[in-house]
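I have placed the structure first, in the form of structure tokens, so that the comments after it can refer back to it.
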Amino acid sequence: MKDAGQGVAAGATIAAATTGNVNAPVPARAPRRTLPAGGFADIDWARPWFAQHAARGRRWQQAALAGYAPYLDELNADARAAAPQTGRGQPLSFIAQDDLPEGAAYEAHIAATGCVPTRHNLHDFFNALAWFSFPRIKAALNACQAAAIDALGVGPTRGGVRDALTLFDENAVLYASSDPALAAALRGFDWRTLFVAQRAAWEQPDVFESGSDGNARCEVRVFGHALLEKLIAPYPACTAHAWVVDVPEAFFTWPRAQRDAHLDETVSARLANAAMLNGRSFAPLPVLGIPGWWPPNAAPAFYDDKAIFRPGRRAR
């Protein structure tokens, strides 16, 4: 999420601007700046957190490496085909960052026009992916942000609800669980139960290629675009804000598209009551602790690091 004229929250911008290719074809108006493409080449689609988005992401990656204009063209071709909408029902499209009118609030502009100002960098690449992976959630977040801006304007502070919405947009994972005891372990910082004793309950990362055996009881879907950007270079303390989603046991027998549609519908409905959101709506989840996501965590001693797997507060 961005405010007009500002960088994205949480320190998530990448690299400095350079001169664009004036000979490149453009979809509407030529972007005045482009960014080095090296970051796009660093996406390793074999990583579990990126594999979730690889089907569309690989194609976008090639377009982004070709240049800013081809990248925007690719995003807009997908937008025309999939027809996602903003929080106020506007058809979605992606525009150069420079086309955001001066003084316009980023989220309010998207809600009103359907146009998503998009920079040629990893942060906005992953933001665009989220619009296609979970379009209803993105639309709900956008609607809530735009409503808050309408009511309070854009000031030096966002307020508690907008802060929580931003946390979700930037750094959330969706923790789907059919076992209340596992959700309680996450909320209660019971890392040994969650990651060691109940290790077999986790969905295997290769499910995106091979399909599920239906025996899992929990899984994680990465939503936050700043989180995905951080995971370009993963580090042990990388921590997500987990949004717990209770799902039926049958969820883990469903094909991936059906699971994602269920999460999209369920979570977006809950976000409609955004006034109840705050920082304690989430549970911290060290991403590299997820079984199967990071080879060193196969050893139980991996979870002994109290600087990462903290006892913490107990969530409400």
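Of all the residues that make up the stretch 246-269, how many are under 23 Å from Leu129 (Cβ atoms) and surrounded by 16 or more Cβ atoms within 10 Å (Cβ to Cβ)?
Final tally of qualifying residues: 11.
Give just the number: which of (1) assigned to a helix (DSSP H, G or I); (2) over 15 Å from His241 (Cα atoms) does Ala183 not satisfy?
If we test Ala183 against (1) assigned to a helix (DSSP H, G or I); (2) over 15 Å from His241 (Cα atoms), just (2) comes out false.
Which residue is modelled with the highest pLDDT, if the candidates are limited to the stretch 222-243 and must be among the aromatic types (Phe, Trp, Tyr) and more than 11 Å from the chain's Cα centre (by Cα)?
Trp243
Specify which of the listed residues (Ala148, Ala172, Ala139, Ala176) is surrounded by fewer than 23 Cβ atoms within 10 Å (Cβ to Cβ) and not charged (D, E, K, R).
Result of the check over Ala148, Ala172, Ala139, Ala176: Ala148.
Could you please tell me which pairs satisfy a Cβ distance under 6 Å, a separation of 6+ or placement on different chains, a first residue in the stretch 191-202 that is of a type in the set (D, E, K, R), and a second residue that is outside any helix (DSSP H, G or I) and surrounded by 14 or more Cβ atoms within 10 Å (Cβ to Cβ)?
Arg199/Pro291
With the requirement that a residue be polar (S, T, N, Q) and modelled with pLDDT of 95 or more, what does the stretch 258-316 give you?
Gln258, Thr266, Ser268, Asn297
Name the single residue, out of those in the stretch 68-93 being part of a loop (DSSP other than H, G, I, E, B) and touching a Pro at 6+ places or on another chain (Cβ under 9 Å), that is surrounded by the fewest Cβ atoms within 10 Å (Cβ to Cβ).
Ala83
For the condition within 21 Å of Ala272 (Cβ to Cβ), modelled with pLDDT of 95 or more and not polar (S, T, N, Q), what is the one hit in Ile149, Ile110?
Result: Ile110 is the single residue among Ile149, Ile110 that is within 21 Å of Ala272 (Cβ to Cβ), modelled with pLDDT of 95 or more and not polar (S, T, N, Q).
Could you list, in sequence order, all residues of the stretch 202-216 that are over 26 Å from Leu167 (Cβ atoms) and at pLDDT 95 or above?
Ala216
Here are Ala96, Ala83, Ala79: which of them is at pLDDT 95 or above, within 30 Å of Ala148 (Cα to Cα) and touching a strand residue (DSSP E or B) at 6+ places or on another chain (Cβ under 6 Å)?
The unique qualifying residue is Ala79.
Residues in the stretch 31-60 that are charged (D, E, K, R), farther than 17 Å from Ala233 by Cβ and modelled with pLDDT of 95 or more: how many?
Adding up the residues that qualify gives 3.
Determine, yes or no, whether Arg158 is closer than 27 Å to Pro284 by Cα, modelled with pLDDT under 95 and not in a helix (DSSP H, G or I).
Here the answer is yes, as Arg158 does meet what is asked.
The values are calculated or read from the model by the stated rules, or taken from the named source; none is laboratory data. Computed from a predicted model, the values in this text were never measured in an experiment. Virtual Cβ from ideal backbone geometry, glycine too; neighbours counted across all protein chains shown.
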